[in-house]
Amino acid sequence: MNLLALLLAALGARGVAAEAAARHCRSSGNVTPVYGQTPSREFSRDTVPPYLAFPEPGLDDPAAYEGYDTRVYRDARGNAFQVYLKGSSGRVVHLWADAANESVGFTVRDSGGKPGQLVWGTGGAAVAESAGTRSLSYGLELPSAVAIGLFLLGSMRVERDLQYASRDTLPLDATPFPQVELSELIDRLAKLKARERVRHLSLLGATTVDALRARLLPRVTAQVGDTAWVVRVGQVSFDGKSHLWLTLEGDARETVPTLSGRTVTIRRPAGGPVRLRVRVTTDAPALTPLAREEIFNDDFRRFYAQVQADSGAPLRVRRLEREVRGAELLSYREKLMAGLPNFATYFGRDMLMTALLMQPVWAPGMPEHVIASALRKLSPEGDVSHEEALGGQAIREHAAEYNRLVSAGQLARARAVLAHLAATRENYSMVDDDFQLPVVAARYLADPRVPAERKRRFLQVEGRLARLVANLALVARRAGPYARAPVATNLVSFPRAPDGHWISASWRDSRAGYGGGRFAMDVNAIWVPHALEGVGTILDELKRLGVTPVIRGEPLATFARDRAALERAITVWQGAERHFKVALAPQEVAERLAAKLRALPADERDYWDGVLRRVGPAADTLRFLALSLDGAGRPIPIVNTDPAALLLLESLDPARAQALVDPIMRPYPIGLFADNLGPVVANDAYAAPEIWESFRRDAYHAPTVVWGREVNVLLAGLARQLRGSDGGAQPAAPLLDTALRRIGEAVDRSGLRHAELWSYTIENGRLVPSRYGSSSDVQLWSLTDLAVQYLLNPPTP
């Protein structure tokens, strides 16, 4: 029997074991995920254990979650369904990661008005599919007297906004999150002339303005019988075309519900917990999940089998299986999602970066899902969509467009918007993803594992060839000014916001992310040069495939005719790094660090001052690539992790690789590395005080945060440099080997390696890692740790 047959037989045996484990869960009430076993592909079982759960004993530190507890299930169609209990606010949120990115949330408070204690009920979840609807139910236990309100059913984006605005702390009978775009739409529609108003209402399936206004809030009803009671919460979408339902069910012999407006009070007169059955139902369309056999290649499955065979590393097996399941939960034929719970939609950059990182372990066809999704959403000009708006969020955005059109008197166009109010909308605000698509597409087209005929078929579907050419043309146009005149102000710029600031239009997409810079180092010194190289590779591969695209736009048409012109542009762009170089003498480093430490709170100042005393002052010049340039093309001296992408994309000589790694591995606050935490994404100590303040206000990409994305790019890049692009050992590079080991150890000690991002607090003179508040539980580019594990421990032949 060959290796593949042996693996399939083993996977089949584990599938039988998983089904037996699931039967045990149903009979015993045990709901802990069973790891190290391949789950059944049958999704329509009546009762299922959670597919993932966080925090999990042995793998996570519960204290770092600060009362947050979550379970992820798969519904009857294999789509991810997540429930999380937020102990700090009493909020219960359900994410349905389907084609509409739906959510259902409510808040529980005890008799004293404080957040109610939330405890999972016994047993697993019941899943069902019937008559065009899908449902999932589970048990929940609450204190003996509770009030439940702030019901919000619709888009997960709206739930996310509610929590960002801290509206989960409002009185339970308050409007959870007013969607001003929808209220304004109703007001504008109501002022139309009668005949025109009827036309607009009919497009929304409503007969009156009042009927339309009633859709802004859910309808809550209660019914009490002799043995059972049920509270039903129903929400029709604003366009009247889809529905979400929430039901709370209890035993009328134990508990007494009372409905007042949209608030439910439940008491258990005899004392003891209130036991509920919570059910969520939708009629939105489902996505098509990918199985692990479709996601991972034979080499990874061999690696997986070797890890599982190691009886001395049970935690490693559990962690590996958990990450594989996470990859399954985010992978669909239509797209790869960015993360659960807050980003269960398409994000172009997340998919493209994941494709680059996962190349060693993905099945050869996996990049097709990424490329096809990006091309399907491409703008006519060739821009890659950063993010899609689905369902209720699309309705909000279309409503804002409708309001502008009605205000301008463009009623025919306004009606056209109403007719497709929930149509998916795309956001083209980012810059880096436009240059990442050619890199990923070039690697796919040059992959010898993919047959030529398959590549040709792939390009012929959905107009993909013409769309790909549109993206290449955009890349060539944007690279043109600097290729012709290589001065800093001709680099690829971020767009300017209406208030005058430069929009952070690369992966550090918070307002403070690039220190207020206009020209990002990662875009200009990394992605543009590699995108131009990708253009050349794609043109060559199309020629080998016998595919002749129509290319009219300049300078792409010139590049297609004259490869020397393209090579000259690449050479010019490979020199763009010089604009970002910063060199600080030891005395200047010491002076700037002293000023930054004086600006910190006392506990942080004392801790980092202690670190500096232990490591001693910088003995030599600190050299790094600035995070960005300002509007005049001057470096903004922020040390950052972005050069790690060069380790991933290129085969570098040891001296070059070590020069890139050195500032990252210098101890923070000199460089980026923090023991027991990992490399923080930025160090603003050498920048102006106003930049310190901007990061203090907006900490998402601040010097207090480690990103799993950057950790994995660093580890995968270091592994590549040490092994060589062909897998062979490279010349000795002690700093790289030490960096690889130290980063892995620090991140493991943080206890948050799986997280999207994490931070820290200083407590009694100690650095204590903590989960970042809006961090994802299952995050696409954090799961690229699977490729890192494979690269660091490749399977034996």
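The values are calculated or read from the model by the stated rules, or taken from the named source; none is laboratory data. Note that this is a predicted model, so its numbers are computed, not measured. FYI the Cβ positions are ideal-geometry reconstructions off the backbone, even for glycines, and counts take in every protein chain you see. For the accessible areas, the whole protein counts, side chains as well, though only heavy atoms, and no ligand, DNA or RNA atoms are used. Shrake-Rupley method; radii C 1.70, N 1.55, O 1.52, S 1.80 Å.
Please work out if Gly382 is open to solvent by less than 30 Å² (accessible area, probe 1.4 Å) and in a loop (DSSP other than H, G, I, E, B). Don't jump to the end; show me each part of the working.
Working: open to solvent by less than 30 Å² (accessible area, probe 1.4 Å): yes; in a loop (DSSP other than H, G, I, E, B): yes.
Against the criterion (open to solvent by less than 30 Å² (accessible area, probe 1.4 Å) and in a loop (DSSP other than H, G, I, E, B)), Gly382 qualifies.
Name every residue in segment 175-206 that is under 14 Å from Leu411 (Cβ atoms), open to solvent by 40 Å² or more (accessible area, probe 1.4 Å) and of a type in the set (A, V, I, L, M), in order of residue number.
Ala194, Val198, Leu203
Test Asp509 against the stated conditions and say whether it is part of a loop (DSSP other than H, G, I, E, B), open to solvent by 10 Å² or more (accessible area, probe 1.4 Å) and without any contact (Cβ under 8 Å) to a residue 12 or more places away in the chain. Talk me through it step by step, then tell me what you get.
Working: part of a loop (DSSP other than H, G, I, E, B): yes; open to solvent by 10 Å² or more (accessible area, probe 1.4 Å): yes; without any contact (Cβ under 8 Å) to a residue 12 or more places away in the chain: no.
It is false that Asp509 is part of a loop (DSSP other than H, G, I, E, B), open to solvent by 10 Å² or more (accessible area, probe 1.4 Å) and without any contact (Cβ under 8 Å) to a residue 12 or more places away in the chain.
Listed residues Leu491, Leu468, Leu474; which is within 30 Å of Leu542 (Cα to Cα), in contact with a strand residue (DSSP E or B) (Cβ under 8 Å, 6 or more places away or on another chain) and open to solvent by less than 20 Å² (accessible area, probe 1.4 Å)? Before the answer, list the steps.
Working: Leu468 fails: in contact with a strand residue (DSSP E or B) (Cβ under 8 Å, 6 or more places away or on another chain); Leu474 fails: in contact with a strand residue (DSSP E or B) (Cβ under 8 Å, 6 or more places away or on another chain).
On inspection, the qualifying residue turns out to be Leu491.
Just to be sure before I move on: is Leu290 touching a Ser or Thr at 6+ places or on another chain (Cβ under 6 Å), within 19 Å of Leu783 (Cα to Cα) and touching a residue at least 60 places away in the same chain (Cβ under 8 Å) in the structure I sent?
On the way: touching a Ser or Thr at 6+ places or on another chain (Cβ under 6 Å): yes; within 19 Å of Leu783 (Cα to Cα): yes; touching a residue at least 60 places away in the same chain (Cβ under 8 Å): yes.
Taking the combined requirement at face value, the residue satisfies it.
Evaluate the following for Val256: is it under 16 Å from Leu142 (Cβ atoms) and out of contact with any Pro (no Cβ under 6 Å at 6 or more places or on another chain)? Even if it seems obvious, please write down each step before you answer.
Numbers: under 16 Å from Leu142 (Cβ atoms): yes; out of contact with any Pro (no Cβ under 6 Å at 6 or more places or on another chain): yes.
Yes; evaluated as a whole, the condition is true for this residue.
Can you name the residue in segment 782-797 that is in a helix (DSSP H, G or I) and either of a type in the set (Ser, Thr, Tyr) or open to solvent by less than 10 Å² (accessible area, probe 1.4 Å) (or both) and, of all such residues, is nearest to Ala602 (Cα to Cα)?
First, the residues of segment 782-797 that are in a helix (DSSP H, G or I): 785-792.
Imposing the further condition that a residue be either of a type in the set (Ser, Thr, Tyr) or open to solvent by less than 10 Å² (accessible area, probe 1.4 Å) (or both) reduces the set to 785-788, 790.
On the way: Asp785: 36, Leu786: 40, Ala787: 41, Val788: 38, Tyr790: 43 Å.
It comes out as Asp785.
On the basis of being over 25 Å from Ile762 (Cβ atoms) and either within 28 Å of the chain's Cα centre (by Cα) or open to solvent by less than 10 Å² (accessible area, probe 1.4 Å) (or both), does Glu650 make the cut? Reasoning before the result, please.
Numbers: over 25 Å from Ile762 (Cβ atoms): yes; either within 28 Å of the chain's Cα centre (by Cα) or open to solvent by less than 10 Å² (accessible area, probe 1.4 Å) (or both): yes.
Yes: the conditions hold for Glu650.
Quick one: Tyr607 ticks every box in (1) of a type in the set (Ser, Thr, Tyr); (2) over 28 Å from Arg766 (Cα atoms); (3) in contact (Cβ under 8 Å) with a residue 12 or more places away in the chain bar one, so which box is it?
Tallying (1) of a type in the set (Ser, Thr, Tyr); (2) over 28 Å from Arg766 (Cα atoms); (3) in contact (Cβ under 8 Å) with a residue 12 or more places away in the chain, Tyr607 fails exactly one: (2).
If the requirement is being at pLDDT 95 or above and either assigned to a loop (DSSP other than H, G, I, E, B) or within 21 Å of Pro178 (Cα to Cα) (or both), which of these qualifies: Val278, Val230, Val220, Val198?
Details: Val278 fails: either assigned to a loop (DSSP other than H, G, I, E, B) or within 21 Å of Pro178 (Cα to Cα) (or both); Val230 fails: either assigned to a loop (DSSP other than H, G, I, E, B) or within 21 Å of Pro178 (Cα to Cα) (or both); Val198 fails: either assigned to a loop (DSSP other than H, G, I, E, B) or within 21 Å of Pro178 (Cα to Cα) (or both).
None of the other options fit; the residue is Val220.
Cβ contacts < 8 Å: first residue more than 17 Å from Leu465 (Cα to Cα), restricted to segment 550-568; second residue of a type in the set (Gly, Ala, Ser) and open to solvent by 80 Å² or more (accessible area, probe 1.4 Å), any location; separation 6+ or different chain. Result?
Nothing qualifies.
Look through segment 207-231, keep the residues that are open to solvent by 70 Å² or more (accessible area, probe 1.4 Å) and β-branched (Val, Ile, Thr), and return whichever of them is farthest from Ala174 (Cα to Cα). Write out each step before concluding.
As a first pass, look at segment 207-231 and keep what is open to solvent by 70 Å² or more (accessible area, probe 1.4 Å): 207, 210, 213, 219, 223-224, 226-227.
Right, trim to β-branched (Val, Ile, Thr) and you get 207, 224, 227.
Working: Thr207: 27, Val224: 25, Thr227: 31 Å.
The qualifying residue farthest from Ala174 (Cα to Cα) is Thr227.
Hey, which of the helices (runs of 4 or more DSSP H) in segment 663-781, taking only ones fully inside, have at least 3 residues that are touching a residue at least 40 places away in the same chain (Cβ under 8 Å) and over 22 Å from Gly513 (Cα atoms)?
Numbers: elements: 689-697, 708-723, 734-750.
Per the criteria, 708-723, 734-750.
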